[in-house]
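Below is one structure, written out as C-alpha cells, with a few remarks after it.
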Amino acid sequence: MAALSLLVGCVNPLVADVGACRAPWSEQAGDAWQPGALGAPEIATVYAPKALVSGRLDLVVAAHPLAARAGFEMLARGGSAVDAAIAVQMVLTLVEPQSSGIGGGAFMLHYRAADGRLIAYDGRETAPAAATANDLRWVSEAERHLPLPSARASGRSIGTPGVLRMLELAHREGGRLPWAALFEPAIRMADEGFRISPRLASSIAASASELQRDREARAHFLQADGSPKPVGMMLRSPALAQSLRAIAAGGADAFYRGAIAADIVDEIADTSGGITAGKTTLADLASYRALRREPICSAYREIYLVCGMPPPSSGGLAVAQALGILEAFDLAAHKPAAPDADGGRPGVMGVHLVAEAERLAFADRDRYVADTDFVPLPGGSPARLLDPAYLRQRAALIDPARSMGRAQPGAFDGATHGRAASVDERGTTQLSIVDRYGDVVSMTSSIEGAFGSFHMTRGGFLLNNQLTDFAAVPLDAQGRAVANRLQPGKRPRSSMAPTLVFRRRSDGSRGAFVMATGSPGGAAIIPYVVKTLVGVLDWGLDAQQASALVDFGAFNTPATFVGGEHPNVDARDDGRHDALIEGLRARGHRVQTAAQSSGIATIVRRGGSDERPLYEGGADPRREGVAIGTAIGTTVGQPARLSSP
C-alpha cells in the first residue's frame, strides 16, 4: 500500500504512519487532555471553533477523533466508504457509548460512483412480536401504571437492534476489505483502553444515578464508590472486545443468534430491582432484517437534487418539504452579511423564513409520517407531500412579517390519522465519508437517549430505548389512531436525516456529487440539517462555516430556538441585546436561547478532476468530531505525514 499524506483537523504532531495518528488526549500513556489545547475535544455544551479541512481523494468526518482515525485507516488500506463507516461505528460503540453503538439502529445513504446507484439502508430497530399498543403507557391492562422505573429505563423501551444487520448488508454490496479487518481498531482499543474524553465524562456524570441501576453499566462507567469515572481515566472493555471478535469472525449472525442474542434477551427480561421486563425473544432477534429503501430525492432551485431517508425516518421527507417551501423565497438575499469562520450571523428574515417552513413541515410530519410498512403516506408515497403545487400553497401561508406560531397539517382526501406529540432521539451520532473511488456514505446512528435504556449487556454494549419514539398513547383526543403508534414488528418514527446532495441535470436526473451532511439532535436534526444545506447551497458557506453556523429553527410550536452557545449570539439577559433574537421577537417568535448540541458532519466537493477531486470537511464545534482526509499535494509514495490545517 502506498503511503499517504494525512490531513487532520484535530491534531498537530508529525508522525511517520497512519496507525500512529492519535488525538492529543488519546490512549497513549501519559497523555492528558488540556482545556484549550490545539485539537482537544470540546467539553459538552461548549463551543470550540474548528478549522476547515481540505483534502484530495477522501475524507472522514466523525463524532470522535479515535473513530475518525479508524475510518481513515480503512480508507488508507484501500477500503471503501462503507468499510470506513463500519470501522467508525465499532469504535464509537466504545468511545461514544452515550450516543450510538451495536445495541442500537441506524440509517445510511450510500452513493456508488461506479454505477451511479444511490441506496437507502434502513437499520431501524423493531418492536417485538408480542408488543401491544399500550406497552409504553402501562404495565398491563390489569396494572395501569407506567412501566418501572420509567418507560425509558424499563425493558419495554428496547427495540431489536438493527445497525449490525444494516452494516452487513451494506458491506456485502459496497465493501472492499474483509469484514473482520473492519473490527481491528475497535478490538484493539477495547483491549488496550482509551482515555475518557470531556464529553463522555460529562455524560457519565449527568446519568450516574441511572447507570447505577444496572450491574454491568455501573461497573463500566462508575468507580467503586459510585462516583462517575472522570476525564482522562483509562477505560477498557474486554467484554466488548470479546463481542466484537465474535462478530468479526461470525458476521452479524454472531450477534442475532447464539450467546450474544441470549444475553440481550436476558437483559431485556431482567426484573431485578422491580424493573418492568420487555417482551423481546430470541425469535425477534433471529428474524430481524435490514431493508433497502428508495431514497427521497427532490429538486432544489432547479440546480440540486437533495436526497434523504424515507420513512420510518421523517427526516428526509421533512427536510425536503422545508426546502420545497423555501423555494418560494429568495434566501440568498438574506445570507449572513459578513460570514466568518463560524458562519457569521444569519439575518432575521432568513431565520424567520426557515423557521416558518419548518413549522409547516413538522405539522405534516406529526400527522402523517410513520413506518410506511404499517401506515401509508397520503396517496401511498411521498409524492403528494412533495408536490410542488402543494408546497407553493404551504409557502403562501408564510407571512414575512409575522410568525404563524403553530401550523396546521395539510388536508388530504382519505387521510384519517390522529395527531400525536413529537418524540425524538437524543443519543445519536453522524458520520460522513467519501473514498478515493468517489463512493459516499452519510450515516446517522442512534441508541435514542443518552446511554439508551441504561441497560448494558454482559457483552459490553448498551441497549437502546428506541421504542419510546413511538407514541405512548395510540389514539388522539378524537379517538383516531395515531400513525406512529406501537405495533408488533413496527419501526418507530425517527428524525434522523442523513443527506446527500447532487447536481441536477437538465433532464432532471442525478448528476455529480456535491455534498454530504447530517447531525444528531432528536427532532432538532431536521432544523440542523436544513440550516446546513441552506448555508452551503443558498448562502455560499464552506463545509466548516455551514456546520458551525448558528443553530436555529422550529418545530410546530410557537417557540423558535437560536443556539445561545454560539459566539455570534449574545444570549445575555435572555438575548435582549442580540439583534437577531430581538428581530425574531418583533415578528412574534417566542425565542429560546438554550445551548444546542448538534453534531453536524459535512463534506462538500469543491472541484478538482475526477481522478483527484478536492473536498472540504466540516465538523461541528459543539461536539468532539473531527475531519480527516488525504492532504492536498500528496504524491503517491511520499512519506505519510500528519498535519494541522
Looking only at residues that are under 21 Å from the mean Cα position of the chain (by Cα) and in a strand (DSSP E or B) in the stretch 507-522, which one is nearest to Asp620 (Cα to Cα)? Thr517
Checking Pro149 against (1) closer than 25 Å to Arg112 by Cβ; (2) in contact with a Ser or Thr (Cβ under 9 Å, 6 or more places away or on another chain), which test does it fail? (1)
Total residues in the stretch 367-399, condition within 20 Å of Ala481 (Cα to Cα) and of a type in the set (S, T, N, Q): 2
For residues that are over 13 Å from Leu462 (Cβ atoms) and either surrounded by 14 or more Cβ atoms within 10 Å (Cβ to Cβ) or touching a helix residue (DSSP H, G or I) at 6+ places or on another chain (Cβ under 9 Å) (or both), tally how many sit in the stretch 216-233. 9
I'd like to verify a number: residues in the stretch 539-554 that are in a loop (DSSP other than H, G, I, E, B), touching a Phe, Trp or Tyr at 6+ places or on another chain (Cβ under 9 Å) and not hydrophobic (A, V, I, L, M, F, W, C), how many? 1
Which one is surrounded by the most Cβ atoms within 10 Å (Cβ to Cβ) among residues in the stretch 571-617 that are touching a residue at least 24 places away in the same chain (Cβ under 8 Å) and among the polar types (S, T, N, Q)? Thr602
Selection over the stretch 469-506 where residues are crowded, with 24+ Cβ neighbours inside 10 Å, outside any strand (DSSP E or B) and hydroxyl-bearing (Ser, Thr, Tyr) yields a count of 1
May I ask you to list the residues in the stretch 510-556 that are in contact with a Gly (Cβ under 9 Å, 6 or more places away or on another chain) and polar (S, T, N, Q)? Thr517, Ser519, Thr532, Gln544, Gln545, Ser547
For the stretch 356-382, the count of residues that are in contact with a Pro (Cβ under 8 Å, 6 or more places away or on another chain) and of a type outside the set (D, E, K, R) equals 7
Yes or no: Asp225 of a type in the set (Asp, Glu), within 27 Å of the chain's Cα centre (by Cα) and farther than 30 Å from Pro621 by Cβ? no
Note on the stretch 121-144: residues among the acidic types (Asp, Glu) and surrounded by fewer than 16 Cβ atoms within 10 Å (Cβ to Cβ) are Glu141, Glu143
Consider the stretch 152-175. How many of its residues are surrounded by fewer than 21 Cβ atoms within 10 Å (Cβ to Cβ), in contact with a helix residue (DSSP H, G or I) (Cβ under 7 Å, 6 or more places away or on another chain) and more than 17 Å from Gly104 (Cβ to Cβ)? 0
For residues that are more than 17 Å from Gly460 (Cα to Cα) and in contact with a helix residue (DSSP H, G or I) (Cβ under 9 Å, 6 or more places away or on another chain), scanning just the stretch 235-252, find the one that is surrounded by the fewest Cβ atoms within 10 Å (Cβ to Cβ). Ala249
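Okay, residues lined up against (1) surrounded by fewer than 24 Cβ atoms within 10 Å (Cβ to Cβ); (2) of a type in the set (A, V, I, L, M, F, W, C); (3) not in a strand (DSSP E or B):
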residue	(1), (2), (3)
Ile433	no, yes, no
Val441	no, yes, no
Ser446	no, no, no
Phe451	no, yes, yes
Leu467	no, yes, yes
Looking for whichever is more than 14 Å from the chain's Cα centre (by Cα) and touching a residue at least 40 places away in the same chain (Cβ under 8 Å) here; the options are Val482, Val441. Which one fits? Val482
Determine whether the stretch 141-154 contains at least one residue that is in contact with a strand residue (DSSP E or B) (Cβ under 6 Å, 6 or more places away or on another chain), part of a loop (DSSP other than H, G, I, E, B) and hydrophobic (A, V, I, L, M, F, W, C). no
From Ser519, Ser494, grab the single residue that is more than 21 Å from Gly159 (Cα to Cα), touching a helix residue (DSSP H, G or I) at 6+ places or on another chain (Cβ under 8 Å) and either at pLDDT 95 or above or not acidic (Asp, Glu) (or both). Ser519
Does the stretch 276-287 hold any residues that are part of a loop (DSSP other than H, G, I, E, B) and either surrounded by fewer than 22 Cβ atoms within 10 Å (Cβ to Cβ) or among the small types (Gly, Ala, Ser) (or both), and which are they? Ala277, Gly278, Lys279, Thr281, Ser287
Could you pull out every one of the helices (runs of 4 or more DSSP H) wholly within the stretch 191-255 that has 3 or more residues that are touching a residue at least 24 places away in the same chain (Cβ under 8 Å)? 198-206, 215-221, 238-250
Out of the strands (runs of 3 or more DSSP E) lying entirely within the stretch 291-407, which hold 1 or more residues that are under 24 Å from the mean Cα position of the chain (by Cα) and among the polar types (S, T, N, Q)? 296-300
Looking at Arg392, is it over 23 Å from Ala586 (Cα atoms), surrounded by fewer than 23 Cβ atoms within 10 Å (Cβ to Cβ) and in contact (Cβ under 8 Å) with a residue 12 or more places away in the chain? yes
Looking at (1) out of contact with any Ser or Thr (no Cβ under 6 Å at 6 or more places or on another chain); (2) at pLDDT below 95, can you tell me which one Gln408 breaks? (2)
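The values are calculated or read from the model by the stated rules, or taken from the named source; none is laboratory data. Quick caveat, the model's predicted, so the values are computed rather than measured. With ideal geometry, Cβ positions are generated from the backbone for all residues, glycine too; neighbour counts draw on all protein chains shown.
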